[in-house]
Structures are given as C-alpha cells and as structure tokens.
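The values are calculated or read from the model by the stated rules, or taken from the named source; none is laboratory data. As the structure is a computational prediction, the values presented were derived from the model and not from experiment. For accessibility, only protein heavy atoms count, side chains too; no ligands or nucleic acids. Shrake-Rupley method; radii C 1.70, N 1.55, O 1.52, S 1.80 Å.
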Amino acid sequence: MNASNDRTAPKGLRGWWASPPRHGIQRTIAPWEYRHLRVSGVTRLAAGSALAVGGVLFLSYGAYGWAALFLVLGALNLGGGYWYITIARPASAEPEPAVAN
C-alpha cells in the first residue's frame, strides 16, 4: 500500500538533480540547462565569443593579466557551448556506423 512506484516524482535535492535521465559526466550539467541544451549551448557560445573579444581588447591595451583571464574564460565557455550542442544533436543527424563486408 505505502510502497513507492516508478511513477512518483523524485523527492529531495538528490532526486530533483537526477530527474532527467543522464549518463556519466552529463550529470554535471544543471537540470535546467540539460532540459534546454540548445539554448544553453548557443548562449555559452555567444558569451565565450564576447569574452574572447574582451580578452583581445585587453591584450591590445597591454593588460596581460586581465587578457589571460578573459581568454581562458572565453575558451572554457566556447568548449562548454560546443559540448552542449553536440549532446543536443538529434540521433538522426549522427552518422551511420560503417559495416564491413
């Protein structure tokens, strides 16, 4: 009577965090971002581009410490955005495995 079944909503922070079914390192992505991967990926790509431009501007003015910070943050955001976009790619867009005859 009181046993839980698989149709109940996840309870607690741990259940909420694991609500979307994910594997491996994809569990490090926040649930809201995982449910909106394309939007999050494009936003990260735009932010990474803006940070990289800011890093280049700081570099041109000779503020090397700030330039390094902005360029590293830009590179991390660009990498994260690319990762999100590749995860969000539909299964139909993935290449067919080659079959050896």
*Go through (1) more than 14 Å from Leu45 (Cα to Cα); (2) at pLDDT below 90 one by one and return the number of the condition Gly65 breaks.*
(2)
*Do we have Leu37 as at pLDDT below 95 and open to solvent by less than 90 Å² (accessible area, probe 1.4 Å) here?*
yes
*asked:* When the residues of region 10-33 are narrowed to those that are at pLDDT 70 or above and open to solvent by less than 50 Å² (accessible area, probe 1.4 Å), which ends up farthest from Ala75 (Cα to Cα)?
replied: Pro31
